[in-house]
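Notes for the one structure printed next.
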Amino acid sequence: MYTHTLPTTGAISFSDFLITSDLVSQVSQATELRSGLRAVLKECRAGDNQSDDGCVDWLRIVKAVEDYLPHLFAIFNCIQTDDLILRYEPQFSWRTTLSSTLFRSPPRIALPGIYYEMCSTLLLHGVALCNFAASATASLGQYERDRRLSDAERKVKDDKLRWAADTLCRACGIFEHLSQNLIPQWEAQVGRIDGRPPDMTREVTLALSKLALAEAQTLAIRKLLSPSLSLAVDTTTPGPPLPKSHPSASLLAKLHLFVASHFESARSLAGIAGKKTATSSRSSDFGSYHRTPMSSSKDTVDGRDATTREGKKAVFGKLRSLASRDTSASSSSRSAAAASLGADAATDADLEVGAPLLRYIASCADLHRALAYKWLGVDAGEAGGRIGEAIAFLRMARDGLEGGSSGRLTAALRERSSKEARDELRTVREEELRTVEHWLRSYGKLNDTVSFQPIPKASELQTRIPAGRAALDPRPYRHPVPAFGPGSPGFQSEGMKRAVMVGGGTGPPDVGVPPVVLERPGPQVGPPTVPITAARGEAPETDGIDGACDDPSQLAFGGLSIGKARDEAEQYAGAGAYY
């Protein structure tokens, strides 16, 4: 299983750009939790660079992220309801997780806005869960073939394998939420986002969700085969006949086809993201956000010359490009324009998803497609008696295991610098190749002496390959309950307090306009959520869960004049606050 390199982030203090009189301690606590997360990430990065065993306390990292997320969502909600006022637009900096350049380590990219912080933190959460599951799986070893294990010990390991698959499904849900909800909302809020890395695109996050689900299904297949392997007489070169206790070969083929299709989709999505980002970064749009490059260079790159200098910059990192000339503006105006409009947006056109990850995904797709062919061949020979078809499928499986996949596996694993991963995938490939050859020899002898069936061509078998079948589904992401502010238990906004005071302590005067309720559709599952009642000219009596409102689940903001209430409610409907 692939282990991602975790990012690091720059230091920031929320109190520097947030104005509040009632939430000072909560904002300070959010800063403290973010600083703790930053320290954990820096320790993880330093540990990966110094040790060869790759032992990382993934639970500590996941816990740090999950402690910080409720405060981050709380800050986001409070900004939407003006319970926290922005003094200025903050810049958050994160080192990329998946994308890098050819000759440099992953860069640190700064972008404005709280959306960038939320997307980066959720991406970190999903990646950390994937690494946690990979670490737990690696600690199990090949326990299925260990006959010394007792039934109780084997059950404990089976449960741990099931937990790892469930954790990958959680990560898949997070990546899907990023791709389908949060990143589209970010784009709708600020327009085109120039300078963002491929990690922050819909395509790459969707690719990560497919990768996580494919690896989760791989663990489900392993769990399905575990009982039959523990009872098998010959675990070295299994062959015909297939034991009765063995899972259906047709089912295994469909499961592997689903895994292969998801790996292939992830490879396609991740591959086009870098090209899309490079094309987007070469164009200019004055109504979009741009990144501020975290570079030691004091010069900026003219957009007209950036394309021709891209190759030279990649090779000669120390060379400085010519500064952009603007004789009609002062130096201070040029600095402001560079910061706000991203004169340097083309500098990350060379960012793309790392080649090791792409090769890993491609090699896994080839491996699981070969295994699907193997089980289709076994099913044809064992269940249908179609020996000629079985031989053709097994030959396709052998070609897949011997051909391009082995080269990609070796290249990807060499660059990952992980001895355990190299040994694991090399062992899988060699074992499967040995098994396929054993089945092929057995069916070849049977066909030469008994069956005498014609062996169809590989092109004729394409129409007989079934569709894949999913064993697991992603776990939809549920937002954490905000630590404070709107959506948190017992919170009463300043606007609601003013509305109650204007109404003489019993709520605002009745203006005869029904309220507009903005709430999440569907049944509530998971952490409790609190809908919002945005009053068009009137507000409920209170908005706190512990208040005197007839419906304690309602949360309102008030203090608006009658003329502005309708406009404020409509604007809030599109604000996208998380509750």
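At-a-glance table
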| item | result |
| --- | --- |
| Candidate set: the range 445-471, residues that are surrounded by 17 or more Cβ atoms within 10 Å (Cβ to Cβ) and in contact with a Leu (Cβ under 9 Å, 6 or more places away or on another chain); chosen: the one nearest to E215 (Cα to Cα) | A471 |
| Residue in the range 401-409 that is in a helix (DSSP H, G or I) and modelled with pLDDT of 55 or more present | yes |
| Residue in the range 200-222 that is out of contact with any strand residue (DSSP E or B) (no Cβ under 7 Å at 6 or more places or on another chain), in a loop (DSSP other than H, G, I, E, B) and under 28 Å from S105 (Cα atoms) present | yes |
| Of residues in the range 430-487 being of a type in the set (A, V, I, L, M) and not in a loop (DSSP other than H, G, I, E, B), the one nearest to the chain's Cα centre (by Cα) | L433 |
| Test: A39 is surrounded by 15 or more Cβ atoms within 10 Å (Cβ to Cβ) and over 22 Å from T205 (Cα atoms) | no |
| Flag if L213 is out of contact with any Lys or Arg (no Cβ under 7 Å at 6 or more places or on another chain) and buried (at least 24 other Cβ atoms within 10 Å of the Cβ) | yes |
| Test: E153 is more than 16 Å from P476 (Cα to Cα), in a helix (DSSP H, G or I), at pLDDT below 95 and in contact with a helix residue (DSSP H, G or I) (Cβ under 6 Å, 6 or more places away or on another chain) | no |
| Flag if T97 is at pLDDT below 95, surrounded by 18 or more Cβ atoms within 10 Å (Cβ to Cβ), more than 30 Å from P489 (Cβ to Cβ) and in contact with an Asp or Glu (Cβ under 7 Å, 6 or more places away or on another chain) | yes |
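The values are calculated or read from the model by the stated rules, or taken from the named source; none is laboratory data. The shown structure was predicted, so the numbers you read here are calculated from the model rather than taken from an experiment. So basically every Cβ, Gly included, is an ideal-geometry build from the backbone, and we count neighbours across all protein chains shown.
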